[in-house]
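These notes are about the structure you will find just below.
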Amino acid sequence: MTVLLAAEEVTKSFGSLRAVDGVSIEVRQGEVFGLAGPNGAGKSTLFNLLTGIPIRPDSGRVLFGGREVQHRSPRWIAKAGLKRTFQTEAVFESLTVRENVRIGSAYGGAGRTARWDRARCAEALEQVELGGDPDRPADGLSLIDRKRLMIACALVSHPSVLLLDEPAAGLDPADQDALIRLLTRIHATGTTMVIIEHVLSVLEALADRMAVLDSGRVIVTGAPADVLTDARVIEAYLGPGAAR
Ligand SMILES: Nc1ncnc2c1ncn2[C@@H]1O[C@H](COP(=O)(O)OP(=O)(O)OP(=O)(O)O)[C@@H](O)[C@H]1O
């Protein structure tokens, strides 16, 4: 199967702290790849290194579509088809729903004419099932709808890979289920996904394969059912001896 996105021995230190320490992962075309690990394991730093925001690796390579991208700008990477969302619901609250999507569209290299732009925005909002008036301000949206909007901002430029940083954070179980259904539908349209998630049931439901990071290193990679019952993973979350 084609590898669309790969990190090869990627390392990043902040002072004396090795936040990402020789990490290698491969994301195959069409799959949902999960990333888990305890707080501070290096998951978000790895996402930042994959998307060039706002840091570069000290060593190692990031390959997207077979090309080295670790020294490319975040905008170049986004235009090449790798889009992401952030841990916090980073929407522009003073702007309308449609204006938010338009900014996502401009960042990803889309946006030709006003008519084309409107059609593309409508399509992205429909894809995330965010109904209602697109000209209403974004600050009135519920948490799940903010997440829908953030995903629409990424999807509007038709990325080939979508990286989602803790999409289920703060959601109650009913909204987590709604998110799983939404991401399942988006994945079915052919979008490859990488998902960082602390809510492991979300990764169990969505991921084809996953990796667990601990102290900046990948400790296990495999199918969620195998990874989440692995003694090394249980110990990483619960401490030494927890798996016995
Ligand atoms: N810009 C930075 N400067 C200094 N240290 C940083 C920086 N970014 C991250 N770190 C540190 O690197 C380590 C890994 O952080 P990171 O946010 O990648 O972990 P994480 O697995 O995403 O954690 P969480 O699940 O809590 O979001 C942490 O110790 C963090 O404090």
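The values are calculated or read from the model by the stated rules, or taken from the named source; none is laboratory data. Just so it is clear, the structure is predicted and the values come from calculations on it, not from any experiment. Cβ sites come from the backbone with ideal geometry, for glycine too, and all protein chains shown count toward neighbours. For the accessible areas, the whole protein counts, side chains as well, though only heavy atoms, and no ligand, DNA or RNA atoms are used. Shrake-Rupley method; radii C 1.70, N 1.55, O 1.52, S 1.80 Å.
Within the assembled protein chains, the solvent-accessible surface assigned to Ile234 is about 50 Å², based on a 1.4 Å probe.
The figure for Phe92 is an accessible area of roughly 110 square angstrom, using a 1.4 Å probe on the protein chains alone. Residues His187, His158 ordered from highest to lowest accessible area at a 1.4 Å probe: His158, His187.
What per residue convex hull volume, in Å³, do the alpha-carbon atoms of the chain yield? Intermediate results must be reported in sequence, preceding the final value.
Working: hull volume 30.4 nm³, N = 244.
It is 125 Å³ per residue.
Counting only the backbone N, which residues of region 41-56 are under 18 Å from the spot 7 Å out from the Cα of Ile103 toward its beta-carbon? Backbone N within reach: 53-54. Computed 3J(HN,Hα) for region 191-202, one whole-Hz value per residue from the Karplus formula 6.51 cos²θ - 1.76 cosθ + 1.60 where θ = phi - 60°, is 8, 6, 10, 10, 10, 7, 7, 8, 7, 5, 5, 5, glycine and proline marked x. Against the chain, whose longest principal axis comes from its Cα atoms, helix 173-188 is set at around 80 degrees. Using only the Cα atoms of region 126-193, build the gyration tensor, take square roots of its eigenvalues as a ≥ b ≥ c, and label the shape rounded, prolate or oblate: rounded if a/c is under 1.5, else prolate if a/b is larger than b/c, else oblate. Taking the square roots of the gyration eigenvalues as a ≥ b ≥ c, region 126-193 is oblate. Of the beta bridges in the chain, as assigned by DSSP with both residues counted there, near 55 percent are antiparallel. Our estimate of slack between Thr184 and Phe86, defined as 0.36 nm per intervening residue step minus the Cα-Cα distance, is 33.4 nm.
Beyond 16 Å, how much of the Cα-Cα pair distribution for region 174-243 remains, as a whole percent?
Of all Cα-Cα pairs in region 174-243, 52 percent lie more than 16 Å apart.
Extending 7 Å from the Cα toward the beta-carbon at both Thr96 and Ala119 defines two label points whose distance is 2.0 nm.
Once all protein chains are placed together, Arg56 keeps about 70 Å² accessible to a 1.4 angstrom probe.
Nearest 500 deg cm²/dmol is fine: what mean residue ellipticity at 222 nm does the chain get from its DSSP H runs of n ≥ 4 alone, each adding -39,500 (n - 2.57), divided by its residue count?
Numbers: 9 runs with 89 residues, N = 244.
The helix contribution divided over the chain gives -10500 deg cm²/dmol.
Given a 1.4 angstrom probe, I'd like the percentage of the accessible area of the chain that is carbon and sulfur, rounded to a whole number.
50
Extents of region 16-113, taken as max minus min of Cα coordinates on every principal axis and listed largest first, are 44, 31, 28 Å.
Extension gain, Asp135 to Asn39, is 30.8 nm, computed as 0.36 nm per intervening residue step minus the present C-alpha separation.
Probe of 1.4 angstrom, ligands and nucleic acids ignored: what's the accessible area per residue over the chain, in square angstrom? Working shown, then result.
Working: 10990 Å² over 244 residues.
The answer is 45 Å² per residue.
Database remark: amide H of Leu35 closer than 5 angstrom to the amide H of Ile195, Ile196, Glu197, Ala211 (H placed geometrically; neighbours at sequence offset of 5 or more, or on other chains; Pro and chain starts carry no H). For the set Ile25, Ile219, the ranking by accessible area, highest first and with no ligand, DNA or RNA atoms included, is Ile219, Ile25 under a 1.4 Å probe.
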